[in-house]
Structures are given as C-alpha cells and as structure tokens.
Amino acid sequence: MNASTAAALRTPPPFTMKRKIAAILAADVAGYSRLVAEDEERTLTELAAARDIFDALVARVGGRIFNTAGDSIMVEFDSAVEAVRAAVDIQEAMKTRNLDLEPKRRLEFRMGLTIGDVVERDGDLLGDGVNIAARLESLAPPGGICVSRSVHEAVANKLSVGFKELGPRQVKNIPQPVHAYLVGSPGEMMVAAEPLVARRDGSVARPDRREPGLRRFLRRIVMLAAILGMVYFALPALQLAHTILDPYLHPPAQQAPDGEAGTPKPQATAPPGESAQPEKPPQPEKPAQTEKPAQPERPARPRAERPPAKPPAPKPEPARPETARPDRTGDPATVYAGLAREGLIADARSLPEFYHNARFLEAKGDRTGALAAYAAAAPLAGEAIDVHFRYASLLRMVRGPAAVRQAYAALIRTNPSVAAELMMAFGSETDDRRERLEAFVASHPGVAAADNLMADALLDQRDGGPTLTERRLAFDATERFLDAAASGDLSSRFVDRTFLDGWLDMARRRRGEIERFFSSARTRPTAAFSRSSTGWLTRLSLPEPASAIAVRIGEQGPFTSTGSSATLDSRTGKPMPNVEFELPPGTGRVTLYVTYQDRSGREAGPFPLSFDPGAATVESGRAALERFPESWVSFREDLPGVLSFAGLISNRCALSRVMIGFGDEPPRSQLPLPACDPSGSAALPSNASLVSLPNGTEVVQIQLVYADGSESAVRTFKRP
C-alpha cells in the first residue's frame, strides 16, 4: 500500500451513464426486522442460505444482481420471461426449504417485477423501472410475486403460470396508478379479477355475479326433468335397434379346431397376393388366410344374449434402441459449465454431474438431496476447493460443525487431499476457526484458498471487530491469494469458475477496505514527554485497547512491563495496563521500543519511538502553553504598573519570541525573554519575569512565536 494507492482511493473515479430498457426484479424478506430482533445470528445464517438459492437461480437464467442492502435485492434481466421464470423458481425453492423451519422462523421473499426505462451508472441502475419494481414488491404477499401490466402482457402466453388481476394501484412516489397482477404457482390457473365498479360511498369493489338462490334452484330442477325425459323415451328405441342390428354386427363364431375352442376365425380371406382385412375387433392370434374366398354365411337368429368377444392380445412393442449417454468425461470445469441449464441428471456418474445435481437441489431448497449429491461428489473432487467448500458449508449449516469434521475425517481416510484437510479446519466451531485456519496456513504454505478463508475469518466482526494486527494479517493473506490467482495457479482447483470469480471479487473488495482503513486510521502508538521531579515522564497513547504493555529503552536488553493501573477494563473487568512510566534520570537521545497485547491476545510491535530531550522540552513546553493560555501573563495587584510573564519563562525553550501590544494596539513589541535552559537549573533574577506597563494600561494583547516559527492566536488579557 503506497502513496499512489492511497491517492487513488481518495480520488473519485469518473462514472458513465447509459440508458436502456430492462426487466427489473425487486425482492425483500417479509418480517425481516422481527426475525433479526428475535434471533439475529440464526436469521443472518438463514438469509445467507436463502441468498445462495436466490443467486444461483438468478444466475441460471442470466440475471444480474446490481444492488443489495440487508435483506433487499435488486436484479436486472434482459428478458421478462426469464425474470418471471427465475422469480417463480425462487419462490418454489423457498417453499420447499421452509418446510424444515417452524412457521414463525420462515424466510419468505416478496417480489415485484416490471419492465421499464433505467439508467445504468457504474453498474448500478436508477430510474422509474427500479422505483416501480420496488413499489410492486410492497403489494405482493409474503412468498408472492406482483408484476406490472407490461410484464403480464410479455409472458401471459409463454409460461404455465396463472395471473390474478389486482387492477390499478396508487403507489408511493409514482404519479400514475400502476396496473398490477399477482403471479400464481407453475400450472396454477388463477381467476382473473373482474373490472372494478364504484360504490355509493366512493369505494370500489367487484360486481356481484351470483344468481339469486330460488332462481338457481328452479333452473336445476328443470334441467334434471329434461334429462330424465330424454332417457325415458329414448331407451326403448335403443333396445329395439340393438335387437335388429346385433346379428349383422356380431355374426356367430365358427367352430374352432381342436385345442382352439372359442377362438373366432376370420370371416373372409383376401385374394392371393393381398393381405386379408380382419373383421373388428382385430384378432392377432390367427394370421390372415390366403386361401380362396369363403362363402358368406347366413346370419344367425337373434339371441337375447351372446357371450362377449375375446379381447385381442396386445401386440408386442418393438424394441427401442438405447439412447446414447452424453460423454461427460472431459475437463470437469468445461463439462460443469455445459450443464448450467440442465435439470436433475438421473444417472449421474462423474464429478461434474454430481456437483451439478447438488447445486440444482440446493437451489431448489432440497438440502437433504443436495447433501447426498455433495457426498457423492466429494470423493471424486480431489483438490477442487469449491466442491468441498460448498459441501462443508451446507453440512455445517444443516447439521453443525461436528458433522463436517466427522464427514471429512472419513473422507481423508479414503480419499486424502489437502482440500479435505482444509475443510477440517474450516468446519470448526466459530470460536476456534481462526486459530485452526492460521495453523493450517502455517503448516501448508502456498495453499491460496486457505489464505482467502483465513483472511475472511480474521476480519470477523465479533467481539468489537478485528484488531490492527488481524487487519494486517488479513491484508497479507489477501495479497497472497490474489497473487496466486494472477499467476494462474488457482484455476485448476475450481470446477465452477464462477465460484472463483466470486472469491476474487470479494478479495479485491477486502483489500480495498483494509487499505482505506489504514490510510485514515491511527495505527501506531505515540508518546508525550513531560518534565518530572526526577527526569522525564512518558505517557503512551495506543491505537486500540490493550491488555498489557512492555517497553525497552535502547537497542539491547529485555522488555519491561509497565504494570497495571487502578482502572478496570469495562470489557473484561480486569485492570488496564499502565500507559505512563518514568525514564531514568539523565536519559539522553535514545529510541524506545513499545509492544502491547491487543484484545485478541496477539502481540503488536515492537514500535520504535524516538526520545530527544531538547525536542521533548520544546514539545512539552508548547503543549503546556496551548493547554493553559490563561497562565501566559498576569497583572500584579501589588505592583499596578507591572506585568508578570513567569508562565512564559517556565516554557522558554518552546518559544522563539513573545510579542505584546498595549491597550487596543496589536502586538508589535517584544518581551525580554531570557535564554533557553533545557536543564532548567539556571537561576534567574527576581525581576526577569516582569515588564513595566505604560500609565493607565488596562489591557494587553499577547501573541507567541514558537521555536519552529509557527504563531499562536492573539489573546487579550484584562486587568482584574
């Protein structure tokens, strides 16, 4: 981090604006504030899992998340059809996922969607399209989707979802009413709303289309009587027709040969060279005859009953050739990328297929199925860090850190890998995860993925946020990770390259945040020196809370603790370290080295601090003069015509000269100051600190000129 980097961070970059038409989706979690108030840590964990589902389904159809704030998400789509499809898939996946949660802890998104004109500025989108989508979201129920008329017209005949018309709605900060529709689940046909009608009281409602009860009852009685009449008169005629036509429609069966009794023969044969046409129903048991035509038989007498004809035997279906299985044995990253728009692969066999199934099921909210697919992928993953990381993350969220350690302990026994060992450290409890990751990095130098995970853990905001040392360690680890990515060493360790891209984006943001912090924050101890009866009193000022302080004077020798003070630390209840200590008498120019333990127990330092008695005299004198300006001069009551400036002489070495003005005149005259005596041991005459005043002087103006040439403000002193 150099001066040019810091300057670049302080200089706002130029921005560009571009206007375009886009489908905008706005979403937030219903009741999010209540969920956070009840259980903040659990809510944040569940929101992170929900965001994984949300982000994956948005990316699947090519959407782009352009703004997030807490539980709110704004997404841009090129197509309204893909936008609605993604919104429906997300809501269906969340319904499935919420089945595992008690009703009051369920995270349900409300979504609003419109097509509108927007302005793109540095990746962010602004304009009416964004505003209307946000207002439509407020009209949606928890777990619901509300769309504008433009979206409804674009997708009504293209997706198997129903719509319910809400009609024109007046929404906040939008001058014209927005015509809104609710979207149903896939395959659900929702009843469209009828036009609104006005009531006498000024409200609006749907028209009442219900038929009066008595009229509806009489209409049904008439319809039933008509049906019974038709059956009564038509049944005899149908019976007579059946009696007359039955012999012709069903002639008697011929005597079958022995062993085939009851099997009807064909009634006619085809001429030679042609296929016979069997009577209905077809008889597959007996092939068509090619003998001479048989003489037609006389129809049998009508019978009251005849046995039902034997149903034909089913024809055997021709064997279907097996569909060739796609070849998915190439580069895992290439194969996985090619599966992006596939559904669930039923006969998964390779790493990309198992991994795809796991991501697909996880996006749908089926965490049990996703864990099973991850468990099948993990033994094949080798050093593919993204597969292991996603498996361990989901396993830890669903079943806890102990399940991660158990699963990966078994995996290491059968399929050992450095990535699996890293997951053992990553899957630890929150309190000791940082220590385990640091130990892993120390024992496995060069594993860039471990550097990235450790950097993220070091910046955890628990217990008041990271210390300065943790920020420095996180910055160094982030630099190592980004250097490895720049050299191309990381690509082979990721099956999902979009996962790597996400890690790189987060690492770059992390590095920038740390640089901005160190460019503006005080990061090193400082010291102030003041004279005491025995020499010099040193007072330290630390950039952060500490539990212990140690000092060394000079380049050699041990560090000595400054001890503890009587003040208790409000965070720990233990005595705070003493920030003051005495330098030995006669200490000359020397370098002091200071170390301290931060609140995490890490040692910071040593930090060098220069001590120069001459410079300390000047600095301490100036500090005293600026702290107590009323002590500069004073009117003597016993000597009306005299002004005392003893307070200035006490800090003479900090001053170059002192200017004085009498009455209303500006300070133009110089006070007679004695020479600087750094040791303070020289004796001065009793009148060395006195100056005579002109007759009648009631006011004086004083201005100090310090040893470095800087000037104080002009101060006015009046006779009491």
Q: Identify the residue in region 119-162 that is hydrophobic (A, V, I, L, M, F, W, C) and assigned to a strand (DSSP E or B) and, among all such residues, is surrounded by the most Cβ atoms within 10 Å (Cβ to Cβ).
A: Val147
Q) Is it the case that Thr562 is at pLDDT 90 or above and among the β-branched types (Val, Ile, Thr)? A) yes
Q. Surrounded by 18 or more Cβ atoms within 10 Å (Cβ to Cβ), over 26 Å from Asp476 (Cα atoms) and of a type outside the set (A, V, I, L, M), is that true of Thr591?
A. no
Q) Among the residues of region 506-529, is there at least one that is part of a loop (DSSP other than H, G, I, E, B) and either over 27 Å from Ala615 (Cβ atoms) or over 33 Å from the mean Cα position of the chain (by Cα) (or both)? A) yes
(Q) If I ask for residues that are under 25 Å from Pro466 (Cβ atoms) and part of a strand (DSSP E or B), which ones from region 536-560 would you list? (A) Leu540, Ser541, Ala546, Ser547, Ala548, Ile549, Ala550
**Q.** Residues located in region 382-427, provided they are charged (D, E, K, R) and under 21 Å from the mean Cα position of the chain (by Cα)
**A.** Asp386, Arg390, Arg396
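Please find, among Pro466, Pro416, Pro445, the residue that is buried (at least 19 other Cβ atoms within 10 Å of the Cβ) and in a loop (DSSP other than H, G, I, E, B).
Working: Pro416 fails: buried (at least 19 other Cβ atoms within 10 Å of the Cβ); Pro445 fails: buried (at least 19 other Cβ atoms within 10 Å of the Cβ).
Sole residue among the options that is buried (at least 19 other Cβ atoms within 10 Å of the Cβ) and in a loop (DSSP other than H, G, I, E, B): Pro466.
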Q: Using the structure shown, decide if Asp128 is under 21 Å from the mean Cα position of the chain (by Cα), farther than 19 Å from Ser160 by Cα and modelled with pLDDT under 90.
A: no
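In region 182-190, is there at least one residue being assigned by TED's automatic domain parsing to the domain that holds Glu82 and modelled with pLDDT of 90 or more?
Going through region 182-190, the residues assigned by TED's automatic domain parsing to the domain that holds Glu82 turn out to be 182-190.
Still in the running and modelled with pLDDT of 90 or more: 182-183.
Yes, that holds for at least one residue.
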Q | Candidates Asp483, Asp456, filtered to the one that is in a helix (DSSP H, G or I) and surrounded by fewer than 15 Cβ atoms within 10 Å (Cβ to Cβ) | A | Asp483
Q | Residues of region 438-480 that turn out to be of a type in the set (A, V, I, L, M) and over 19 Å from Met424 (Cα atoms), as a count | A | 5
Q. Does Glu137 fit the bill of being more than 17 Å from Tyr181 (Cβ to Cβ), in contact (Cβ under 8 Å) with a residue 60 or more places away in the chain and of a type in the set (D, E, K, R)?
A. no
Q. Exactly one of (1) within 25 Å of the chain's Cα centre (by Cα); (2) crowded, with 19+ Cβ neighbours inside 10 Å; (3) part of a helix (DSSP H, G or I) is unmet by Arg110. Its number?
A. (3)
Q | So Arg97, is it closer than 26 Å to Ala49 by Cβ and either assigned to a strand (DSSP E or B) or of a type in the set (Asp, Glu) (or both) | A | no
Q | Options Ala528, Ala486, Ala507; residue that is more than 30 Å from Val335 (Cβ to Cβ) and among the small types (Gly, Ala, Ser) | A | Ala528
Q. When the residues of region 577-632 are filtered to those that are outside any loop (DSSP other than H, G, I, E, B), of a type in the set (Val, Ile, Thr) and over 53 Å from the mean Cα position of the chain (by Cα), which remaining residue is modelled with the lowest pLDDT?
A. Thr617
Q) Looking at this structure, is Pro666 surrounded by fewer than 18 Cβ atoms within 10 Å (Cβ to Cβ), assigned to a loop (DSSP other than H, G, I, E, B), modelled with pLDDT of 90 or more and of a type outside the set (Gly, Ala, Ser)? A) yes
Q. Looking only at region 633-661, which residues are surrounded by 19 or more Cβ atoms within 10 Å (Cβ to Cβ), touching a helix residue (DSSP H, G or I) at 6+ places or on another chain (Cβ under 9 Å) and part of a strand (DSSP E or B)?
A. Leu655, Val658
**Q.** Among residues of region 333-363, those that are crowded, with 22+ Cβ neighbours inside 10 Å and not hydrophobic (A, V, I, L, M, F, W, C), counted
**A.** 8
Q: Run down Gly647, Gly614 and say which single residue is in contact with a Pro (Cβ under 8 Å, 6 or more places away or on another chain), closer than 27 Å to Val705 by Cα and not acidic (Asp, Glu).
A: Gly614
Q: Return yes when Thr478 is within 30 Å of Gly563 (Cα to Cα) and among the hydroxyl-bearing types (Ser, Thr, Tyr) and no when it is not.
A: no
Q: Please determine, by comparing only the residues of region 607-635 that are charged (D, E, K, R) and touching a residue at least 40 places away in the same chain (Cβ under 8 Å), which one is nearest to Arg539 (Cα to Cα).
A: Glu619
Q. In region 691-720, which residues are in a loop (DSSP other than H, G, I, E, B), more than 13 Å from Pro667 (Cβ to Cβ) and not β-branched (Val, Ile, Thr)?
A. Leu693, Pro694, Asn695, Gly696, Glu698, Ala707, Asp708, Gly709, Ser710, Arg719, Pro720
Q) Restricting to region 357-386, what's the tally of residues that are modelled with pLDDT of 90 or more and not in a helix (DSSP H, G or I)? A) 3
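The values are calculated or read from the model by the stated rules, or taken from the named source; none is laboratory data. Since we're looking at a predicted model, the values are computed, not measured. Cβ sites come from the backbone with ideal geometry, for glycine too, and all protein chains shown count toward neighbours.
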